[in-house]
1. Can you find, among Tyr174, Ala382, Gln100, the residue farthest towards the positive end of the dipole of the chain? Put +1 on the C-beta of Lys and Arg, -1 on that of Asp and Glu.
2. Going by amide H atoms built from the backbone, whose H comes under 5 Å of the H on Ile168, apart from near neighbours?
3. Beta carbons within 10 angstrom, averaged per residue: use that to sort the peptides 56-68, 36-48, highest first.
4. Given a Förster radius of 60 Å and the C-beta distance between Met132 and Glu5 as r, what FRET efficiency does 1/(1 + (r/R0)^6) yield to the nearest 0.05?
5. If you place +1 on the Cβ of every Lys and Arg and -1 on the Cβ of every Asp and Glu, how big does the dipole about the Cα centre of region 7-340 come out, in debye to the nearest 20?
6. Can you spot the lysines whose alpha carbon is less than 23 Å from Lys131's alpha carbon? Ignore those fewer than 8 places along the same chain.
7. Return the carbon/sulfur percentage of the accessible area of the chain, one whole number, probe 1.4 Å, all protein chains in place.
8. With every protein chain left in place, what is the accessible area per residue of the chain in square angstrom, probe 1.4 Å?
Amino acid sequence: MSPFEALQLPNGQVIANRIAKAAMEENMADLNQAPSRELKQLYKTWAEGEPGLLLTGNVMVDRRAMTGPGGVALENEQHLESFREWADVARAKGVHFWVQLSHPGRQTMANLGQQALAPSAIALDLGSFSKMFAKPRAMTEDDIQEVIQRFATSARLAEKAGFTGVQIHGAHGYLLSQFLSPLSNHRTDRWGGSLENRARLLLEVIHAVRASVSPSFCVAVKLNSADFQRGGFDATDARAVVEMLNPLPIDLLELSGGSYEAPAMQGEARDGRTLAREAYFLEFAEELATIARMPLMVTGGIRRLPVVQQVLDSGIAMAGIATALTLEPQLIKHWREGRDLNPQLKPIDWKRKPLAALATLAVVRDQMRRLSRGRLPNAKVAPWLALVCDQWFTARRARQYRASMTQSSH
């Protein structure tokens, strides 16, 4: 299977090749939480690199529930024209462009001033960094029904704006993933307890989204292969959830792993397992590929064409690339032309792991901001400098976000 071979999805849509630009948190919305000019430029640059599929970073289904103050939110038609312009940058190149729909649940930053919602009132455990996140309250039945409706509404709006699909984010410790994990879900009603109950919200969201869009519109899901925390959602759970997803009309299932508490998506595990430096989740995905009825995609540290080939040879339909495309946005095009490139960041091996994880994200965001302004990436940026700049930027955006939310509530 060549990486440059087309992939036909269950709903009949065709993706031109087997390589996707995976989701990354851009934090680049305008002051209305709509796509900014810079964000459109960033995706135009990526579309020119000819991936088969572009996935946005988190697009929030509720502007009161943000993963960061510069996040994009899609809740109504108010800024639909701006979303249309965003969708157009990829459509112009014949690239599939999907919106990643997300709700942070308890992974809501405290400085945004919003009440965090979660399956249960269990705060994040990040040691001295825990206070950075809002203390959540347990969701009521009404809260849960509203979230299901919001995912459906955002999907319908994404289709109206001209995107070709959505990806429902059920990984990385965000809300749907919190319901799946016995560590964060201590509920005793129909949304908690058995895995069947803990998976109910994810399944209800998929049903509601599928019912609100046309059959030719792609609906994908992102799922953790494991949380990499003792007592959390593990590989056995993931297998059982894939069995539950099999009968549903899902066009692509992306497998990732980890959460803010155990950032496996950056190659860090908390349960003693060491993850490979490239294609972190391939081992799990290979096992799940034997039972999954929908095409699978694996993301996590992939940056070389032979690794993409290895992913495809193991029965996975697509490989997702993230960080490497911030360092070389034309990477896929170069690979197609026969150039053997391997763009990578130097690992940040600071003693305080949460700080190192934040610095890694800051360096990646620094590359995205450069690309969004038409500049070249710079992999040699000092991590401490990127982190300081990113923290300053985030603090300023948080103030703007709080002011805007205060204004809109009057």
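1. Comparing the listed Cα positions along the dipole, Ala382 ranks first.
2. Those qualifying (amide H under 5 Å, at least 5 residues apart or on another chain) are Leu101, Ala220, Val221, Lys222.
3. Details: 56-68: 24.0, 36-48: 19.9.
In decreasing order of mean packing, 56-68, 36-48 become 56-68, 36-48.
4. Numbers: r = 44 Å, r/R0 = 0.73.
Computed FRET efficiency for Met132 and Glu5: 0.85.
5. On the way: 34 positive and 38 negative charges, 48 e Å.
With only Lys, Arg, Asp and Glu charged at Cβ, the dipole is about 220 debye.
6. List returned: Lys351, Lys353.
7. On the way: 8190 of 16130 Å².
Taking all protein chains in place, the chain shows 51 percent carbon and sulfur surface.
8. Working: 16130 Å² over 410 residues.
Dividing the accessible area of the chain by its residue count gives 39 Å².
The values are calculated or read from the model by the stated rules, or taken from the named source; none is laboratory data. This one's a predicted model, so the numbers in the text were calculated from it and none came from an experiment. Ideal geometry is used to build each Cβ from the backbone, glycine not excepted, and the neighbour counts take in all protein chains shown. Keep in mind that these areas ignore ligands, DNA and RNA; they rest on the heavy atoms of the full protein, side chains included. Shrake-Rupley method; radii C 1.70, N 1.55, O 1.52, S 1.80 Å.
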